[in-house]
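Data first, discussion second: the structure below is written as C-alpha cells.
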Amino acid sequence: MLKKFCVENFKNFKDKITFDLGSPSNYGFNSEIIRNGCVTKGIIYGVNSCGKSNLGLAIFDIIVHLTEKQKIMQGYDSYLNLDGRKSFAEFEYVFGFDGHEVVYKYKKKDVNTILYESLSIDEKEVIYYDFVSREGFTSLAGSDTLNASIKNESPISRVKYVNNNSILVDNTENQVFKQFINFVERMLLFYSLDSRGYEGFMNGSEGIAEGIINSGKVDDFQKFLAENGIVYDLYAVDEDGRKVIYCRFQNEDASFFRIVSTGTRSLAVFYYWYIKMKAASFVFIDEFDAFYHYELSENLEKRLKKIEGVQIFTTTHNTNLMSNDILRPDCHFILGDNKIKAISQRTEKELRQAHNLQKMYKAGAFDGC
C-alpha cells in the first residue's frame, strides 16, 4: 500500500506537497476502505488548475524509470516548476507491505534524468546512488557483486538495475523489495476519454471494444450499461480483422462507438479498465466523471468501493460525491494552495456520519487548517 507521497518543485507544485494516506481517523463507519492503516479509496476535489492532473502525473513519475510499462511522456513537458529556485524535482514515496516500510526517494532534473535515488527498508538504506558523483551501493543480499558495476555512467535507475541484474537471496528484506517492485509494476493511471491514454500497468494500445470482447465481457458490459440507465442490445463481430461491438436496432444494426454519446463512450472506457483494475495495486482515475450525471458518478464510486485490495483514487469537481454514504471524511481530499488534506483534517469540528459534508463544504467549514 502507498502510505504517503511527497513531491516538490514539480509542475505547479513549487513547495513540498504531501499526500498522506497512512493517517486515517477512527471512524466507525465505512471501515472496509481502511486496510492496514491506509486509506484504500478516496476522492480528490479541487478547482480548475489546482493540480489534480499534475498530482497523478507526479505519483506516476516512478513508473517512468522503474518499469517498462506504458508512459504518457508528453504529460511531463514543463517538468520543473517555472518559479522554483531548485534545478530538480524531489519525490518521496512511503509504502507499507505486511508490516514493513519501504521509503523510496529520488531527484530528477527532467523526466528522463535521475540525479539521486535512495531506497530504504525498515529504516535501513539498502540502495543508494548519486548520479552526479557516481557513488553508490547496494546491500541487498545477493546483489553484492553489482557494487563494482553500479558505479558506471549508465543513466538507468540503480533500483531497476539491481532488480533486473541480481539473483536475490530469499530473505525477508528481499521479499519486501520484490513486493515494492511488484506494486510499482501494477500501478495504473487513466483518464475519462480513451484519447487521453493511460500510464502504467501494461503496454500497448488495445482498443476498448477489443479489450471487452477478448475478456468475454460483452454481455456483462451490456448489463453494466443497463444498470446505469443505458439500454443497448450488444454483440461482437469481426470487422475487417478488427473486433467491434455492435448494437441491434429494429431497422439497422450499428457500431457501438459510432453512435453513442461522449458520456457513454467515457463509461465504456471506465468499464474497460474496471474489469482489469482488480489486478492493479494503485489506480488513479483523472477527470473521473467529466461527462457523467451526478447519480451515475455515485454509482461508479460505490462500485469502485467494492474492489478489495486495490487503492483507488478519483479526481472530480462534483461535490455531490462529498458524502458519508459513499466514503468518509478522511477519504475525501481537497487539493488547493499547494496542499492536499482530507476534510477531517481541514476542520476542528468533530465530523459524524449524519453530517451533510457537501453542505458544510459550501458553507466554508473546510476552508481552515
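The values are calculated or read from the model by the stated rules, or taken from the named source; none is laboratory data. Given the structure is predicted, the values throughout are model-derived calculations rather than measurements. Using ideal geometry, Cβ is built from the backbone for each residue, glycine included, and neighbour counts are taken over all protein chains shown.
Quick notes
- Residues of segment 1-24 classified as farther than 27 Å from Val176 by Cα and of a type outside the set (Asp, Glu), total: 7
- Residues satisfying the criterion are absent from segment 206-222 (criterion: closer than 30 Å to Leu57 by Cβ, among the hydroxyl-bearing types (Ser, Thr, Tyr) and in contact with a Ser or Thr (Cβ under 7 Å, 6 or more places away or on another chain)).
- Some residue of segment 188-201 being assigned by TED's automatic domain parsing to the domain that holds Phe95, among the small types (Gly, Ala, Ser) and exposed (fewer than 14 other Cβ atoms within 10 Å of the Cβ): yes
- Subset of segment 272-309 [among the charged types (D, E, K, R) and touching a strand residue (DSSP E or B) at 6+ places or on another chain (Cβ under 6 Å)]: Asp286, Glu287, Asp289, Lys305
- Segment 325-369, residues that are at positive phi and touching a helix residue (DSSP H, G or I) at 6+ places or on another chain (Cβ under 7 Å): Cys369
- Check on Thr315, under 22 Å from the mean Cα position of the chain (by Cα), among the polar types (S, T, N, Q) and assigned by TED's automatic domain parsing to the domain that holds Glu8: yes
- Reported count of residues in segment 112-137, each being of a type outside the set (D, E, K, R) and over 29 Å from Ile72 (Cα atoms), is 5.
- Being touching a strand residue (DSSP E or B) at 6+ places or on another chain (Cβ under 6 Å) and buried (at least 22 other Cβ atoms within 10 Å of the Cβ) is not true of Ile312.
- Qualifying position, being under 19 Å from Tyr361 (Cβ atoms), among the basic types (Lys, Arg) and surrounded by 21 or more Cβ atoms within 10 Å (Cβ to Cβ), among Lys11, Lys52: Lys52
- Flag if Asn324 is assigned by TED's automatic domain parsing to the domain that holds Asn356 and assigned to a helix (DSSP H, G or I): no
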